[in-house]
Amino acid sequence: MSQEPTILIDHPLVQHKLALLRDKSTGTKEFKELVSELAMLMCYEATRDLPTEEVEIETPIATARVRKLAGRKLAFVPILRAGLGMVDGMLAMVPAAKVGHIGLYRDPDTLQPVEYYCKLPGDISERDVILLDPMLATGGSAVDAIRLLQARGAKHIKFIGIIAAPEGLDRLQRECPDVPVYLAALDDRLDSHGYIVPGLGDAGDRIFGTK
Ligand code: PRP
Ligand code: URA
């Protein structure tokens with residue numbers, strides 16, 4: 001099977017917001033806003049290949065042939081908790097999308113993902129699914145979430161993250177070669193606790209103000 005491409009979004013607005021996001025002096029309110037804004041900008045890139053169809057409408061002046069979205073509907077699926085921060089930005093771009101939730105946390109000792117929640121739209125198998133998580137570290141959470149989605153019938157899945165470690169991206173590409181990946185940055189490495197270096201710290205804690 002051929003490997004789907006990984007798209008690094010190099011847009012100046014994305015890179016500027018990412019710089020603010022990484023800064024340890026950025027507080028919870030601004031951090032949350034930045035995650036949402038980044039999701040909005042990245043959604044724009046990740047939906048670039050959606051099919052459209054030409055239809056006729058009436059403007060107040062004349063008849064116009066215009067293009068509207070066609071094809072399968074979308075579902076956005078955040079991995080809890082940090083992926084939740086991306087949902088509003090995505091919905092600002094595609095308000096009609098349905099939202100599913102997958103709850104996973106990393107065991108701090110083994111770094112293995114532990115599933116605690118999964119609620120998806122009933123028609124998930126008929127939708128294009130965009131999986132959301134700002135951090136792709138070892139890749140365990142993203143791969144598990146994709147397996148859960150596939151087990152419920154999802155066939156067309158994309159992943160939007162904000163920062164990845166090479167280890168996580170390699171694993172995702174190796175184990176899920178049919179899932180295109182959209183990122184704002186590919187960082188240097190993981191540290192001994194599985195944190196991305198330089199990264200931004202713990203995304204869930206920074207979004208929700210926990211420690
Ligand atoms: C973080 C992050 C990812 C996961 C990435 O979540 O949001 O889901 O770690 O790590 P991985 O690629 O090594 O699996 P975390 O487990 O800290 O849960 P939280 O968002 O609830 O804090
Ligand atoms: N999860 C995070 O929130 N940050 C990391 O650097 C790695 C996993």
Identity of the residue in the stretch 189-211, closer than 18 Å to Leu111 by Cα and in contact with a Phe, Trp or Tyr (Cβ under 8 Å, 6 or more places away or on another chain), that ends up farthest from ligand 2 (Cβ to nearest atom) = Gly201
Just one of the numbered conditions (1) touching a residue at least 24 places away in the same chain (Cβ under 8 Å); (2) within 11 Å of ligand 1 (Cβ to nearest atom); (3) of a type in the set (A, V, I, L, M, F, W, C) is not true of Val114; which one?
-> (1)
Is there a residue in the stretch 53-61 that is within 30 Å of Gln15 (Cβ to Cβ) and at pLDDT 95 or above?
-> no
Report, by residue number, each residue of the stretch 189-211 that is in a loop (DSSP other than H, G, I, E, B) and either modelled with pLDDT under 95 or not aliphatic (A, V, I, L, M) (or both).
-> Asp191, Ser192, His193, Gly194, Tyr195, Pro198, Gly199, Gly201, Asp202, Gly209, Thr210, Lys211
Filtering the stretch 167-188 down to residues that are within 11 Å of ligand 2 (Cβ to nearest atom) and either part of a strand (DSSP E or B) or surrounded by 19 or more Cβ atoms within 10 Å (Cβ to Cβ) (or both) yields Gly168, Asp187
Name every residue in the stretch 1-40 that is among the hydrophobic types (A, V, I, L, M, F, W, C) and free of Cβ contacts under 8 Å to residues at least 40 places away in the same chain, in order of residue number.
-> Leu13, Ala19, Leu20, Leu34
What about Gly153, is it part of a strand (DSSP E or B) and either more than 25 Å from Lys32 (Cα to Cα) or among the small types (Gly, Ala, Ser) (or both)?
-> no
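The values are calculated or read from the model by the stated rules, or taken from the named source; none is laboratory data. None of these values were measured; they are calculated from a predicted model. In this analysis, Cβ positions are derived from the backbone assuming ideal geometry, glycine residues included, and neighbour counts consider all displayed protein chains.
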